[in-house]
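> There's a structure below that I have some questions on.
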Amino acid sequence: MHEKTIKRLIADRSPFTTAAFLLLLCVAALLNCARFSPSQTVKTTVVSTSLKSTSMSRWLLDLGYKRTDLYPLTFKASSCPFIDVDVAGVKVALILDSGTSRGFVITDHAPAIPHRIEGRHEELNADGSHRGESLSIRIEAMSVLGRVFRNMGGSLADWRMFSSEPFHGTVGLDFFLDRRLTLDYRSRKVGTTADPLPEKLDPERYATVDLIDPPQSQGHILYARARVNRREAIIYFDTGYSASFIDPGFTEGIARVERPGKFKVFRKAVPVELGGQTFILDELRENPISRGPGFDQPVALTLGSDILSRMVITIDIRAKKMIIALAG
């Protein structure tokens, strides 16, 4: 699933020694596969040049979570994470989607949920082009990862506007403006707490990434500065994408593989410098990335849940920080 449609996607080397580089590729080959669609199954991998892998018991301790701060993550046909949400008394599994720019989305595939319609709303692609129309709605109460939110505004939309397969909806980062959350796909857990981030973290396990402000129309979604294939760029992080993409403008000198299916060109062993660490990302789909105006550098990468599932990611909107560890 829940790959977001091509409409959204389009609308939307540091030096190594030869021996070290070959070693990284060998390690990458041992990692598991992530599925994007039934017609294209590829090995999506992440290798760090220096970070140690980090288990759930380790990050719980290091990041200051208690077991009572943890909630289950579930997965459907793809790597996108779902959480159980109570929406006006109706329990429904929604995608925990860092790419939902405002509030929440309920689709016409979800069970009937009590709501109040407040009007119509134009849905835009990331480049500002028209995607469609949804209903602006208001929900009396929502319970999201242990906290109740009242009088919440969101959208009611046709699921076909966002996905190639039916789904119930999404919740975005608006529900975490005063608390941080950590997603560990491998352990199928998400942690959330109002406690601030620890002042010091082991640099052998954690990369600290400064988030940059997105364009105002894009709410609280996640961007950071990086070097992609030795060039300054911006990366977009979206847990609601099941696949990751590299813009063709950043692929010079990177190994290319062609495959049948929706996306024809894949790039291998893409070097990315992020948060003071170098990562090698394998099997990125090549596709133009347009995230609209308002950036001082081009957006070179969209990192979806196929890549993010290889990591433990902590998001703190208050501190404008993301903490990245390798899942272990």
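The values are calculated or read from the model by the stated rules, or taken from the named source; none is laboratory data. Because the structure is predicted, anything quoted here is derived from the model rather than measured. Note: ideal-geometry Cβ built from the backbone for every residue, glycine included; neighbour counts use all protein chains shown.
> Considering TYR223, TYR236, which residue is touching a Pro at 6+ places or on another chain (Cβ under 7 Å), assigned to a strand (DSSP E or B) and at pLDDT 95 or above? Step through it out loud before you land on a result.
Working: TYR236 fails: touching a Pro at 6+ places or on another chain (Cβ under 7 Å).
Checking each option against the conditions leaves just TYR223.
> Okay, next question. For the subset of region 122-134 comprising residues that are crowded, with 17+ Cβ neighbours inside 10 Å and not charged (D, E, K, R), which member is farthest from GLN218 (Cα to Cα)?
The residue in question is SER134.
> Then there's this: Is it fair to say ASP238 is closer than 26 Å to LYS320 by Cα, acidic (Asp, Glu) and surrounded by 21 or more Cβ atoms within 10 Å (Cβ to Cβ)? First the steps, then the outcome.
Numbers: closer than 26 Å to LYS320 by Cα: yes; acidic (Asp, Glu): yes; surrounded by 21 or more Cβ atoms within 10 Å (Cβ to Cβ): yes.
Considered against the rule, which asks whether it is closer than 26 Å to LYS320 by Cα, acidic (Asp, Glu) and surrounded by 21 or more Cβ atoms within 10 Å (Cβ to Cβ), ASP238 comes out as yes.
> Only one of ALA269, ALA255 is surrounded by fewer than 21 Cβ atoms within 10 Å (Cβ to Cβ) and out of contact with any helix residue (DSSP H, G or I) (no Cβ under 7 Å at 6 or more places or on another chain); which?
From the options ALA269, ALA255, the qualifying one is ALA255.
> Within region 260-288, track down each residue that is assigned to a loop (DSSP other than H, G, I, E, B) and out of contact with any Phe, Trp or Tyr (no Cβ under 6 Å at 6 or more places or on another chain). Show your work before the answer.
Let us first name the residues in region 260-288 that are assigned to a loop (DSSP other than H, G, I, E, B), namely 260-264, 269, 275-276, 283, 287-288.
Selection gives PRO260, GLY261, LYS262, PHE263, LYS264, ALA269, GLY275, GLY276, PRO288.
> I'd like the full set of residues that are of a type outside the set (Val, Ile, Thr) and either surrounded by fewer than 19 Cβ atoms within 10 Å (Cβ to Cβ) or in a strand (DSSP E or B) (or both), limited to region 81-100. Steps first, please.
Just the residues of region 81-100 that are of a type outside the set (Val, Ile, Thr), to begin with: 81-82, 84, 86, 88-89, 91, 93-94, 96-99.
Passing the criteria: PRO81, PHE82, ASP84, ASP86, ALA88, GLY89, LYS91, ALA93, LEU94, LEU96.
> Here's something else I'd like to know. Collect the residues in region 296-328 that are crowded, with 24+ Cβ neighbours inside 10 Å and over 20 Å from ASP97 (Cβ atoms), keeping them in residue-number order.
ALA300, ALA325
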